[in-house]
Amino acid sequence: MDAWPFHHLVLRTPRLELRPDDDAGLLELVDEALRGVHPPEVMPFGVAWTDAPRERLGLNTAQHYWGMRATLSARNWSLNFLVRLDGRVIGVQTLGGADFATNREVTTGSWIGLRHQGRGIGTEMRAAVLAFAFDHLGAQQARSSAWVDNAASLGVSRKLGYRPDGTKRTARRGRPSDEIRLLVTREGFHRPGWELAVAGVQACLPLLIEEKPAG
């Protein structure tokens, strides 16, 4: 049995290849983060990780993804798909599940380098993991969230069929800000005009879907 079957898992869209993170790919991801993820005057993330000093940002980024990989279990997992365009890592698309076998619900989060934004890539990569979750993992719904002023993220959610599901007030850079919660169901998912190609999923399922005891 392969100890880490995720290194065989791959999702392909017309432009992109998504694979769970590995060490070589993380180094490319760090390089992209250091080139810039958003203008300094805005903060699109719930955790302001990009505010770290430049000399710490790379190590913090790598340690974050190493930690998520190390603690993966069928009860609580996050797959951090490195997103490649023309063979180079340009960002990351996360898909997570907590008690997934019972809840059949996933969450998503993502970022891509600032130089690659505005080309529809964010929509394409989130559509990829939603199609994967609904069609290959048996998810019934997916959740996301975004600050009220994050027009790009909210636009992606609208395109893919998410509906507002309440708000939450959270501190952002020390100031209160409203976060919009979003929900899309399998039936409400606005599918793209292309088919997702998936390979290597079967061996990964026992690590993502906890088997229920008989009886």
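The values are calculated or read from the model by the stated rules, or taken from the named source; none is laboratory data. Note that the structure is a prediction, hence the values are computed from the model and not measured. Methodologically, a virtual Cβ is constructed for each residue, glycine included, from the backbone with ideal geometry; neighbour enumeration extends over all protein chains shown. What goes into the accessible areas is simple: the full protein's heavy atoms, side chains included, and nothing from ligands, DNA or RNA. Shrake-Rupley method; radii C 1.70, N 1.55, O 1.52, S 1.80 Å.
Could we say that Ala139 is in a loop (DSSP other than H, G, I, E, B), of a type outside the set (Phe, Trp, Tyr), surrounded by 13 or more Cβ atoms within 10 Å (Cβ to Cβ) and touching a helix residue (DSSP H, G or I) at 6+ places or on another chain (Cβ under 7 Å) here? Steps first, please.
On the way: in a loop (DSSP other than H, G, I, E, B): yes; of a type outside the set (Phe, Trp, Tyr): yes; surrounded by 13 or more Cβ atoms within 10 Å (Cβ to Cβ): yes; touching a helix residue (DSSP H, G or I) at 6+ places or on another chain (Cβ under 7 Å): yes.
When the stated conditions are applied, Ala139 passes them.
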Filter segment 149-188 for residues that are more than 13 Å from Gly46 (Cβ to Cβ), touching a helix residue (DSSP H, G or I) at 6+ places or on another chain (Cβ under 8 Å) and part of a loop (DSSP other than H, G, I, E, B) and give the result. Arg186
Could you list, in sequence order, all residues of segment 80-130 that are under 14 Å from the mean Cα position of the chain (by Cα), open to solvent by 30 Å² or more (accessible area, probe 1.4 Å) and either of a type in the set (Lys, Arg) or over 21 Å from Val184 (Cα atoms) (or both)? Arg84
May I ask you to list the residues in segment 61-79 that are under 18 Å from Leu34 (Cβ atoms), of a type in the set (S, T, N, Q) and either open to solvent by 60 Å² or more (accessible area, probe 1.4 Å) or assigned to a strand (DSSP E or B) (or both)? Gln63
Only unsatisfied item for Val89, checking (1) within 18 Å of Leu160 (Cα to Cα); (2) touching a Leu at 6+ places or on another chain (Cβ under 8 Å), is (1)
Would you be able to tell me the number of residues in segment 179-215 that are modelled with pLDDT under 95 and on the phi > 0 side of the Ramachandran plot? 1
Looking at segment 23-38, which of its residues are more than 15 Å from the chain's Cα centre (by Cα) and either part of a helix (DSSP H, G or I) or under 23 Å from Ala199 (Cα atoms) (or both)? Asp23, Ala24, Gly25, Leu27, Glu28, Val30, Asp31, Glu32, Ala33, Leu34, Arg35
Could you please give the count of residues in segment 162-176 that are in contact (Cβ under 8 Å) with a residue 60 or more places away in the chain and either within 27 Å of Ala127 (Cα to Cα) or surrounded by 12 or more Cβ atoms within 10 Å (Cβ to Cβ) (or both)? 2
Which numbered condition in (1) touching a Lys or Arg at 6+ places or on another chain (Cβ under 6 Å); (2) over 30 Å from Arg175 (Cα atoms) is the only one that Leu11 fails? (1)
Sort out which residues of segment 2-22 are β-branched (Val, Ile, Thr) and assigned to a loop (DSSP other than H, G, I, E, B), and write them in order of number. Thr13
Output the qualifying pairs, or none if there are none: Cβ atoms under 6 angstrom, residues six or more apart or on different chains, first residue in segment 31-56 and within 18 Å of Asp149 (Cα to Cα), second residue buried (at least 16 other Cβ atoms within 10 Å of the Cβ) and basic (Lys, Arg). Met43/Arg172
Please specify each residue of segment 83-110 satisfying the condition of being assigned to a strand (DSSP E or B) and more than 16 Å from Ser145 (Cα to Cα). Val83, Arg84, Leu85, Arg88, Val89, Ile90, Gly91, Val92, Ala98
Counting only residues that are buried (at least 17 other Cβ atoms within 10 Å of the Cβ) and among the acidic types (Asp, Glu), which one in segment 1-60 is farthest from Leu95 (Cα to Cα)? Glu32
What about Val184, is it in contact with a Phe, Trp or Tyr (Cβ under 9 Å, 6 or more places away or on another chain), open to solvent by less than 30 Å² (accessible area, probe 1.4 Å) and either under 28 Å from Ala101 (Cβ atoms) or among the β-branched types (Val, Ile, Thr) (or both)? yes
